[in-house]
Amino acid sequence: MLQTKNLNKKNSDSQNACEALKFNAVIPSVHQRKELLYAMEKTEVDWIMLKLGDVNTLPQLVGHIHRSGKKVMVHQDSIRGIARDKMGIQYMANCGVDCVITMKSLCVKYIKEVGMISAFGFFVIDSDACRTGLINIKEHQPDVVILMPGTIPKQIIQEIKGETRAPIILGGLMTTSEQITNAIKIGVAAVATSQVELWDLKY
């Protein structure tokens with residue numbers, strides 16, 4: 001009975017997490033504390049992609065972001081000292097992380113099990129990578145798909161978009177407002193960028 005209750009709670013947490021899948025056009029990708037402060041205090045974005053910190057500072061950073069009224073997505077490979085496995089994912093859940101970005105398709109299941117939003121990212125470097133990425137998306141059903149770099153051809157983005165209901169985020173090499181506008185026009189949910197001057201523009 002206890003196991004059933006725990007499973008029901010995890011499913012409920014996952015459902016609640018998926019209801020939070022609404023994005024502004026731009027997601028600040030922050031690598032330094034001064035960038036994080038700017039994103040929290042000076043922008044109207046709803047999500048921040050955190051790419052700084054370590055196992056000791058993550059709880060504090062997540063708390064600061066939440067108090068600023070924003071949600072936080074953490075790249076599994078960007079936080080020093082956190083294992084890239086089930087235990088590391090559980091730790092991020094304990095810290096209050098809203099969404100975990102993973103390049104390991106098998107981790108999608110673990111992220112969902114602890115009630116966080118699962119974002120599966122992959123580099124579209126050639127046709128084989130695109131094909132493998134689509135196979136992983138269909139098999140593991142992530143909540144969000146992140147395509148890198150963001151400058152991949154429009155037709156590739158549309159092909160992947162046609163194969164999944166998950167929102168698509170572009171990341172990497174997105175440096176102009178024109179790139180972001182064009183991405184939103186073809187149905188991309190959001191663009192992650194480290195270009196501070198683009199964070200609070202309206203699209």
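Restricting to region 126-159, and then to whatever is part of a helix (DSSP H, G or I) and charged (D, E, K, R), can you tell me which residue is surrounded by the fewest Cβ atoms within 10 Å (Cβ to Cβ)? Reasoning before the result, please.
Going residue by residue through region 126-159, those that are part of a helix (DSSP H, G or I) are 127-140, 154-159.
Those left that are additionally charged (D, E, K, R): 128, 131, 138-139, 154, 159.
Values: Asp128: 8, Arg131: 10, Lys138: 10, Glu139: 10, Lys154: 12, Glu159: 12.
Step by step, filter region 126-159, then rank; the result is Asp128.
Has region 102-116 got any residue that is in a helix (DSSP H, G or I), free of Cβ contacts under 8 Å to residues at least 60 places away in the same chain, closer than 21 Å to Leu36 by Cβ and out of contact with any Ser or Thr (no Cβ under 8 Å at 6 or more places or on another chain)?
Within region 102-116, the subset in a helix (DSSP H, G or I) is 107-113.
If we keep only those that are free of Cβ contacts under 8 Å to residues at least 60 places away in the same chain as well, we get 107-111.
Restricting the remaining residues to those that are closer than 21 Å to Leu36 by Cβ gives none.
The answer is no, given that none of the residues of region 102-116 is in a helix (DSSP H, G or I), free of Cβ contacts under 8 Å to residues at least 60 places away in the same chain, closer than 21 Å to Leu36 by Cβ and out of contact with any Ser or Thr (no Cβ under 8 Å at 6 or more places or on another chain).
Regarding Asp85, is this residue crowded, with 21+ Cβ neighbours inside 10 Å, under 21 Å from Met49 (Cα atoms) and acidic (Asp, Glu)? Full working, then the answer.
Working: crowded, with 21+ Cβ neighbours inside 10 Å: no; under 21 Å from Met49 (Cα atoms): yes; acidic (Asp, Glu): yes.
Here the answer is no, as Asp85 does not meet what is asked.
Quickly run through region 28-69 and pick out the residues that are in contact (Cβ under 8 Å) with a residue 24 or more places away in the chain and charged (D, E, K, R).
Here is the first cut: in region 28-69, the residues in contact (Cβ under 8 Å) with a residue 24 or more places away in the chain are 28-31, 35-36, 38-56, 58-59, 61-66, 68.
Passing the criteria: Glu35, Glu41, Lys42, Glu44, Asp46, Lys51, Asp54.
Need the failing condition index for Gly115 against (1) surrounded by 15 or more Cβ atoms within 10 Å (Cβ to Cβ); (2) of a type outside the set (Phe, Trp, Tyr); (3) under 25 Å from Gly172 (Cα atoms); (4) in contact with an Asp or Glu (Cβ under 6 Å, 6 or more places away or on another chain), just the number.
For Gly115, the failing item is (3).
Suppose the filter is closer than 23 Å to Lys42 by Cβ and either surrounded by fewer than 15 Cβ atoms within 10 Å (Cβ to Cβ) or not small (Gly, Ala, Ser) (or both); does Leu173 pass it?
Values: closer than 23 Å to Lys42 by Cβ: no; either surrounded by fewer than 15 Cβ atoms within 10 Å (Cβ to Cβ) or not small (Gly, Ala, Ser) (or both): yes.
No; evaluated as a whole, the condition is false for this residue.
Take region 176-203 and flag every residue that is closer than 16 Å to Met49 by Cα and part of a loop (DSSP other than H, G, I, E, B).
Listed by number, the residues that qualify are Ala189, Ser194, Gln195, Trp199, Asp200.
Select from region 121-141 the residues that are in contact with a Ser or Thr (Cβ under 6 Å, 6 or more places away or on another chain) and of a type outside the set (S, T, N, Q) and write down the one among them that is nearest to Arg165 (Cα to Cα).
Selected residue: Ile137.
Computed from the coordinates by the stated procedures, all read-outs in this text should not be read as laboratory data. The model shown is predicted, which means the values in this text are computed figures rather than measured ones. With ideal geometry, Cβ positions are generated from the backbone for all residues, glycine too; neighbour counts draw on all protein chains shown.
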